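Novice: Below you will find the structure I want to go over with you.
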Amino acid sequence: MSEQQLSPVGLRVAVGLVVLLVLGVIVASRFVGGDDTDTSGETAQTSAAPRTGPVALVTVDAPGAGSAECRTLTGALPDALPNAGDALDRLPLAEPAPPATAAWGDQVREPVVLRCGLNRPAELTPTSPLRVIDDVQWLVVPGESAATWYVVDRGVYIALTVPEHTGTGPLQQISATVASTLDPAPVRTR
């Protein structure tokens with residue numbers, strides 16, 4: 001039998017392919033997440049460190065935050081929001097807290113956050129699909145780990161950011177609060 005030898009070029013190509021394969025597996029493992037479902041079919045909760053202290057909210061442009069509508073709404077916000085049979089308690093906000101904001105949650109998961117007096121969301125167009133809950137029109141803008149729901153038919157824009165895996169209770173309760181405290185207004189898409 002004759003023994004074949006790899007040429008130096010062939011050897012380099014083979015080593016290069018192995019290195020690329022290993023790098024590809026590493027990169028893919030960072031971007032392709034596994035399913036968080038255990039063998040019983042239950043979705044595993046992420047283990048986050050418990051929250052201690054007030055919730056720090058980033059300031060965003062909210063020119064209407066000082067309006068009478070936002071003062072009325074924030075004065076009527078509940079101390080707790082329902083969430084799949086549990087209650088999400090209103091959380092203290094770290095100072096300086098942005099005006100016309102509130103947060104509800106527990107010590108582990110990301111909070112539900114309300115902001116009042118925002119600018120018109122750029123996603124609101126004449127053809128945007130709106131959802132109506134308790135006679136309040138909402139525009140939903142999905143995000144990576146949360147969806148932000150905008151009230152678009154009142155005198156001010158209100159945003160409710162709801163983390164994934166949160167039930168519909170917070171949205172329903174805030175809809176009822178908005179409907180009972182703020183008068184409807186035409187949807188402005190421009």
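Novice: Is there a quick way to get the dipole size of region 51-107? I mean about its Cα centre, with the Cβ of Lys and Arg at +1 and of Asp and Glu at -1; what is the value in debye to the nearest 20?
Specialist: Working: 3 positive and 7 negative charges, 16 e Å.
Using only the charged Cβ atoms, the result is roughly 80 debye.
Novice: Let me ask something else. Determine Rg/Rh for region 84-152; Rg is computed over alpha-carbon atoms and Rh is the Kirkwood hydrodynamic estimate from the same atoms. Each step should come with its number before you reach the end.
Specialist: Details: Rg = 14.0 Å, Rh = 14.1 Å.
My calculation puts Rg/Rh at 1.00.
Novice: Moving on. Tell me the accessible surface of R71 in square angstrom (1.4 angstrom probe, heavy atoms of protein chains only), to the nearest ten.
Specialist: Using a 1.4 Å probe on the heavy atoms, I get roughly 140 Å².
Novice: Whole number in Å², please: accessible area per residue of region 109-190, 1.4 Å probe, ligands, DNA and RNA not counted.
Specialist: Details: 4080 Å² over 82 residues.
I get 50 Å² per residue for region 109-190.
Novice: Compare S175, S67, S180 by solvent-accessible area with a 1.4 Å probe and give them largest first, with all protein chains kept in place.
Specialist: Descending accessible area places them as S180, S67, S175.
Novice: How do T189, T52 rank by accessible surface area computed with a 1.4 Å probe, from largest to smallest? List each step's numbers first, then the result.
Specialist: On the way: T189 40, T52 120 Å².
Listed by decreasing accessible area, they come as T52, T189.
Novice: Pairs of Cα atoms under 8 Å, at least six residues apart: use those to get the relative contact order of region 55-118, whole percent. Please list the in-between numbers first.
Specialist: Values: 94 pairs, mean separation 25.4, N = 64.
Result for region 55-118 is 40 percent.
Novice: OK, next. Let me check something: with ligands and nucleic acids excluded, how do T161, T101, T127 order by accessible area (1.4 Å probe), largest to smallest?
Specialist: Details: T161 45, T101 15, T127 125 Å².
In descending accessible area the options line up as T127, T161, T101.
The values are calculated or read from the model by the stated rules, or taken from the named source; none is laboratory data. Just so you know, these numbers come straight off a predicted model, no measurement behind them. Glycine also receives a Cβ, built like all others from the backbone with ideal geometry; neighbour counts cover every protein chain displayed. With ligands, DNA and RNA removed, areas are computed over all heavy atoms of the protein, side chains included. Shrake-Rupley method; radii C 1.70, N 1.55, O 1.52, S 1.80 Å.
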